[in-house]
C-alpha cells in the first residue's frame, strides 16, 4: 500500500507528532509512506519526517486559501500515485475531500473539531461521506463526531496514540536543570502544550501561590509556545511568580525535560488523547490532570494520576500539594502510570492498528 499523508501544518503538535511517528514506524512490507503534503509552509516536524527518507512537499497555502490551491493539491497528490490519502486536521480533510480521486480517503479530525464554529461544522457535515474511514485518537472524539456531526459509526475507528519509552542521558538532564537556574533541591512541576485556551495554563499558574504557601521549594516549568504567551507572562508577573514559574518555549525534544522534573501537570479544559501525559507517565512522573475527554481513557484518579475538575485552580493546588507531601503516593502513581503506558499505549500497538485499518479500507 502506498500511503500519502496530507496535513494542514508541520508545526509541533499532537497530530503532527502522530504523523511523524507513523511515517517513521510503519512496517514497509505492509504500508509504504509515499510522502507528506502540507498545506501551509513547512515547520519543524517536516525535517524530522524528511530525515526518515520520506519526501515532504508544501503547496504554500496562506491563512486564506487561493483559487489555485486546490489545483496545486491535486497535482501534488497525483505525483505520488497513492492508494490511500490519510488527511489530518480540519482544513486538510476538507481539501482532500474536494480533491478526491481514484484513491481511498482516511481522515483524522482530532479534538480541534470541537472548537469549530457552526458554519465550518456544516461544511464538514456536507462532505463527511467522502471519507472511507475516520480514525479518532480517543473514544470521546468518536462520540462527538457521531453525535454532533452525524458520522456513520461503521466508518469510525478509535486508535489510541502510542509512544516510545521516554529516555534521556544524564548529561541532557543535568543541562536542562542547569538552564533553569533553580536550586538543587527544588521540586519541579513540568507542564507542556500549546499556549492556548484549551490547555488551561492560567488555572495552573493561579494554583501556584496555594502550593508555594506550603511548599516554597516548588517550581513550575511550562514548555510550549502559542498565542496566549503575553497573557500568561502578565499573569505570572501580577502574581509575583517570575522567579518561580518559567515559560521555556517550544522544545523539540521533551524527553530530558520529563526526566529533569519531579511531577507533571496537565490542566487542559478539553483534550483528545494527550501525548504529553502518556510521555510523562512513561518517564515515571507522578501526574495531576483534569478529568476531561481522552484523559479519562488514559488513567483513573488515584491509580495512575490525580484527576481534578477542569478550570479549578483550587483543585490543582490541592492535588499538587498532596503530591508534594506524600512520597508513597508519588511512588504509586509513578509505577502504575508507567505500567499502564507499557501495557496499553505502545508505539508498536498503535502502528499495528493503523496498518490493519489501511488494509481494511483497501478491500472495502
Next item on the list: Under 9 Å between Cβ atoms, at least 6 apart or on separate chains: pull out the pairs that start in region 29-51 with a residue that is in contact (Cβ under 8 Å) with a residue 60 or more places away in the chain and end on any residue that is surrounded by fewer than 22 Cβ atoms within 10 Å (Cβ to Cβ) and in a strand (DSSP E or B).
Entry: 31/2
Next item on the list: Could you check how many residues of region 130-158 are buried (at least 21 other Cβ atoms within 10 Å of the Cβ) and closer than 26 Å to residue 346 by Cβ?
Entry: 8
Note to self: I need every pair where a residue in region 101-118 that is under 12 Å from residue 141 (Cβ atoms) has its Cβ under 7 Å from the Cβ of a residue that is in a loop (DSSP other than H, G, I, E, B) and at pLDDT 95 or above, sequence separation at least 6 or different chains.
What the structure shows: 107/131
Margin query: Going residue by residue through region 51-73, is there one that turns out to be part of a helix (DSSP H, G or I) and farther than 25 Å from residue 121 by Cβ?
Written below: yes
Check: Looking at region 295-309, which of its residues are in contact with a helix residue (DSSP H, G or I) (Cβ under 8 Å, 6 or more places away or on another chain) and either within 14 Å of residue 331 (Cα to Cα) or surrounded by fewer than 24 Cβ atoms within 10 Å (Cβ to Cβ) (or both)?
Finding: 296, 297, 299, 303, 304, 305, 306, 307, 309
Item checked: Residue under evaluation residue 209, criteria (1) outside the structural domain of residue 292 (by TED's automatic domain parsing); (2) modelled with pLDDT of 95 or more; (3) surrounded by fewer than 16 Cβ atoms within 10 Å (Cβ to Cβ), criterion not met -> (1)
Checklist line | Scan of region 263-291 for residues that are in contact (Cβ under 8 Å) with a residue 60 or more places away in the chain and under 22 Å from residue 135 (Cβ atoms), ordered by number | finding: 268, 270, 271, 272, 273, 274, 275, 276, 278, 279
Notebook entry, point to check: Quick check: anything in region 313-321 touching a helix residue (DSSP H, G or I) at 6+ places or on another chain (Cβ under 7 Å) and within 25 Å of residue 179 (Cβ to Cβ)?
Noted result: yes
Next item on the list: With the checklist (1) surrounded by fewer than 19 Cβ atoms within 10 Å (Cβ to Cβ); (2) more than 18 Å from the chain's Cα centre (by Cα) in hand, flag the one item residue 361 doesn't pass.
Entry: (1)
Margin query: What's the number of the only condition in (1) modelled with pLDDT of 95 or more; (2) surrounded by 17 or more Cβ atoms within 10 Å (Cβ to Cβ); (3) not in a helix (DSSP H, G or I) that residue 336 fails to meet?
Written below: (3)
Note to self: Which of the numbered conditions does residue 354 fail, given that it passes all the others? Conditions: (1) assigned to a helix (DSSP H, G or I); (2) touching a strand residue (DSSP E or B) at 6+ places or on another chain (Cβ under 7 Å); (3) in contact (Cβ under 8 Å) with a residue 60 or more places away in the chain; (4) crowded, with 22+ Cβ neighbours inside 10 Å.
What the structure shows: (2)
Next item on the list: Give 256, 274, 267, 286 a once-over and let me know the one that is touching a helix residue (DSSP H, G or I) at 6+ places or on another chain (Cβ under 7 Å) and modelled with pLDDT under 95.
Entry: 274
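The values are calculated or read from the model by the stated rules, or taken from the named source; none is laboratory data. These numbers come from a predicted model, not from an experiment. When we count neighbours, we look across all protein chains shown, and the Cβ atoms used for this are built from the backbone with ideal geometry, even at glycine.
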